[in-house]
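Comments concern the structure below.
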Amino acid sequence: MVVAKKLKSADDFMYHIYVHMNDVDKFVIFSGLKFSQFAASLEPLHHLLLLKHSYEDGSFNMHTQFEYVLDEEVPIFVKKSAESKELCWIDFMDEKRLDHLTPMEQGELLYISHKKEPITSAFFNKLQNRFVYYSSDLEKMTKIYFRHLSDSDLLVANVFNSLIREKERSSGFWRRKVKSSIPTISPDFLRSYRSFAKDGALLSLYRIEKPKVAYGIEVRNLSEYSFPDEVWDDLNTILKTEHDELIYII
């Protein structure tokens, strides 16, 4: 087993993400996750109904009085929403279905945008949505309802794998004559660590140089933290504590 050097500072790591899963209500709270990372990890996204936003180029649905983004325009929306202070949307499959939403269903959508939670279910049969997405720059958090919780494992795995690919490219991986495989982590493997996510956990990614290139994810239980923004205030202190689990990616 490779033993990595003892890391004390946040700067010694490539990336940190806080994850707190509620598997009963099927949502996950993240901190450290960008909207662009979400979109790239779970593409393609379908049409997006905008419940809270500052986007100025959306289409307008007369029936609901909501603006929306067509699927082909999602990449532009993602780029322009990168600096949004607050964002809330729900994806949907068919534009025509918007015109069939009842006043009650429209009220439920407004409730979600205001309270960050559904009255009953976050998933609407008429919309066939996979997600309800809410993010707040002030609170340093993103709350996502997943129709399939397995998508949350896919999201985090793809974020880590993307960061690893970027690191290897910058480290001259593609110039090597012998093409060894890039280390990756699978969603199924990551799913075995859900017990940490259910309590609230910090996942910290770093690169191991010797004896061969690999990556590690230190997992720390943060069940005592109620607000994600507090994690970043205490990050260096948290990293001085022993990790609860170490995931090797080879």
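The values are calculated or read from the model by the stated rules, or taken from the named source; none is laboratory data. Everything numeric in this text was worked out from a predicted model, so none of it was measured. Cβ atoms come from the backbone with ideal geometry, glycine included; neighbour counts cover every protein chain shown. Remember, those area values only see protein heavy atoms, side chains included, never the ligands or the DNA or RNA. Shrake-Rupley method; radii C 1.70, N 1.55, O 1.52, S 1.80 Å.
Which condition breaks for GLY32 when tested against (1) within 19 Å of the chain's Cα centre (by Cα); (2) within 24 Å of PHE123 (Cα to Cα)?
Only one criterion is unmet by GLY32, namely (2).
For LEU203, which of the numbered conditions (1) of a type outside the set (Asp, Glu); (2) under 30 Å from CYS88 (Cα atoms); (3) open to solvent by less than 10 Å² (accessible area, probe 1.4 Å); (4) assigned to a strand (DSSP E or B) fails to hold?
LEU203 satisfies all of (1) of a type outside the set (Asp, Glu); (2) under 30 Å from CYS88 (Cα atoms); (3) open to solvent by less than 10 Å² (accessible area, probe 1.4 Å); (4) assigned to a strand (DSSP E or B) except (3).
Out of the residues in segment 113-134 that are not in a loop (DSSP other than H, G, I, E, B) and not aliphatic (A, V, I, L, M), which is most open to solvent (accessible area, probe 1.4 Å)? Quick ask: steps written out before the conclusion?
First, pick out the residues of segment 113-134 that are not in a loop (DSSP other than H, G, I, E, B): 113-115, 131-134.
This time we only want the ones that are not aliphatic (A, V, I, L, M), so: 113-115, 131, 133-134.
On the way: SER113: 11, HIS114: 135, LYS115: 100, PHE131: 2, TYR133: 2, TYR134: 7 Å².
Once the filter is applied, the top-ranked residue is HIS114.
What's the number of the only condition in (1) among the β-branched types (Val, Ile, Thr); (2) in contact with a Pro (Cβ under 7 Å, 6 or more places away or on another chain); (3) not in a helix (DSSP H, G or I) that ILE164 fails to meet?
It fails just one condition, (3).
Could you run through segment 106-133 and say how many residues are of a type outside the set (D, E, K, R) and either farther than 22 Å from VAL78 by Cβ or at pLDDT below 95 (or both)? Reasoning before the result, please.
Within segment 106-133, the first condition is being of a type outside the set (D, E, K, R), and the residues that meet it are 106-107, 109-114, 118-125, 127-129, 131-133.
Subsequent filtering for residues that are either farther than 22 Å from VAL78 by Cβ or at pLDDT below 95 (or both) retains 106-107, 110-111, 114, 118-121, 123-125.
Matching residues across segment 106-133 total 12.
List the residue pairs whose Cβ atoms are under 8 Å apart, where the first residue sits in segment 213-241 and is within 16 Å of MET14 (Cα to Cα) and open to solvent by 20 Å² or more (accessible area, probe 1.4 Å), the second is assigned to a helix (DSSP H, G or I) and not aliphatic (A, V, I, L, M), and the two are 6 or more positions apart or on different chains.
So the pair list comes out as VAL213/GLU168.
So how many residues does segment 23-68 have that are part of a strand (DSSP E or B) and either polar (S, T, N, Q) or within 30 Å of PHE227 (Cβ to Cβ) (or both)?
13
Could you grab me the full set of residues in segment 187-233 that are farther than 18 Å from ASP153 by Cα and of a type in the set (Asp, Glu)?
Residues satisfying the conditions are GLU209, GLU224, ASP229, GLU230, ASP233.
More than 16 Å from GLU67 (Cβ to Cβ) and either surrounded by fewer than 17 Cβ atoms within 10 Å (Cβ to Cβ) or touching a Leu at 6+ places or on another chain (Cβ under 7 Å) (or both): which single residue out of ASP91, ASP137 fits that description?
ASP137
Restricting to segment 60-88, and then to whatever is open to solvent by less than 30 Å² (accessible area, probe 1.4 Å) and more than 23 Å from the chain's Cα centre (by Cα), can you tell me which residue is nearest to SER36 (Cα to Cα)?
The selected residue is PHE66.
So, in segment 69-93, how many residues would count as being over 12 Å from SER135 (Cα atoms) and not in a strand (DSSP E or B)?
Count: 12.
Looking at (1) closer than 23 Å to TYR55 by Cα; (2) touching a Phe, Trp or Tyr at 6+ places or on another chain (Cβ under 6 Å); (3) open to solvent by 50 Å² or more (accessible area, probe 1.4 Å); (4) of a type in the set (A, V, I, L, M, F, W, C), which is the only condition LEU110 fails?
(2)
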